[in-house]
Amino acid sequence: MDNVGILCDKDNDFLHDYSRRCIERLTGHSLFSVSLPFLSAYLEANIKKESDKDRLIIEHAAEALAAGKEPGDVDIDEIFEKTKVVDKAFVRRLLIPSFTIQVRYEDIADIRKKRIARLSTTAGEVLRAWGNAHSLSEVVRATYSESQFRCIILDILHLYNLETRKLTGSIKFFSPFNRAIDALAESVFDTMENVSVRICDEYTEKLFRGECACTERT
């Protein structure tokens with residue numbers, strides 16, 4: 001059974017569901033509506049970037065376990081440098097007229113490294129406890145309490161939201177949108193934080209009631 005693949009796929013599904021809910025909530029906001037479809041395309045590309053980075057982190061966590069290391073015992077700086085390659089692909093994918101973004105790593109390095117550490121430790125703990133006879137939901141329930149798991153995924157999303165706020169602040173539109181970008185960044189962040197709480201509550205409740213069992217993958 002490909003436990004690493006299952007974990008990456010579930011993370012990808014979760015992040016895209018989260019992004020979809022955020023976009024739905026933001027669509028009615030006046031500032032967001034003015035800049036559609038630019039920001040919708042940006043947020044969709046941004047979550048694809050995040051999923052790609054998460055896969056990279058999870059795979060490094062699995063490699064560390066295979067080498068006999070403890071969960072989370074990974075080279076954070078090495079992974080951080082590799083995430084920059086994912087960022088470059090993200091910027092290339094945007095190709096949105098009247099819209100540019102410059103990633104300022106001095107603004108996001110600390111946040112991103114904290115998220116790498118949090119996710120790699122969690123992935124390592126789950127993968128270490130996983131056996132062929134268990135589904136992901138069973139492993140999570142055996143490894144964490146409901147409140148512990150909720151706090152973990154909420155913290156991981158919060159760090160993602162913080163980084164997105166920094167990145168959104170780096171967006172440059174052609175006039176007249178630039179004047180509204182700071183207010184827009186805060187609106188996007190506030191919406192993402194609110195959606196984070198709801199989706200973490202929902203997913204945690206379903207998982208701990210056995211409703212999120214994962215299909216085995218070979």
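Name the lysines eligible as straight-distance cross-link partners of LYS206: C-alpha to C-alpha under 24 Å, and not fewer than 8 places from it in the same chain.
The qualifying lysines are LYS10.
How would you rank 48-54, 188-194, highest first, on the average number of other Cβ atoms within 10 Å across their residues?
Result, highest mean first: 48-54, 188-194.
With the alpha-carbon atoms as the only input, what is the per residue convex hull volume for segment 51-117 in Å³?
Normalising the Cα hull of segment 51-117 by residue number yields 80 Å³.
Quickly rank 13-21, 143-151 as a protection proxy: mean count of other C-beta atoms within 10 Å, highest first.
Ranking, from highest mean packing down: 13-21, 143-151.
Using label points projected 7 Å from each Cα along Cα→Cβ, tell me how many nm separate ALA129 and GLN102, to one decimal.
Result for the modelled spin labels: 4.5 nm.
So, in nm, how far is label ALA67 from label ARG93 when the simple model puts each one 7 Å beyond its Cα toward the Cβ?
In this crude label model, ALA67 to ARG93 measures out at 2.8 nm.
Using a probe radius of 1.4 Å on heavy atoms only, what accessible surface per residue do you get for segment 80-169? Whole Å² is fine.
Per-residue value: 47 Å².
Could you compute how fast segment 97-153 diffuses translationally, taking Rh as the Kirkwood radius over C-alpha pairs and applying Stokes-Einstein at 10 °C with viscosity 1.306 mPa s? Give it in µm² per second.
Values: Rh = 13.8 Å.
D = 115 µm²/s.
Sort 122-131, 65-74 for me by packing, meaning the mean count of neighbouring Cβ atoms within 10 Å per residue, highest on top.
Most protected by this proxy first, the peptides run 122-131, 65-74.
Straight-line reach from LYS166: which lysines have Cα under 25 Å away, leaving out those fewer than 8 places along the same chain?
Candidates past the 8-residue exclusion: LYS48, LYS49, LYS53, LYS82, LYS84, LYS88, LYS113, LYS114.
The values are calculated or read from the model by the stated rules, or taken from the named source; none is laboratory data. Owing to the predicted nature of the structure, the values given are computational and were not obtained by experimental measurement. Neighbour counts are summed over all protein chains in view; Cβ atoms, including those assigned to glycine, are modelled from backbone coordinates with ideal geometry. Surface areas here come from the heavy atoms of the whole protein model, side chains and all, with no ligands, DNA or RNA. Shrake-Rupley method; radii C 1.70, N 1.55, O 1.52, S 1.80 Å.
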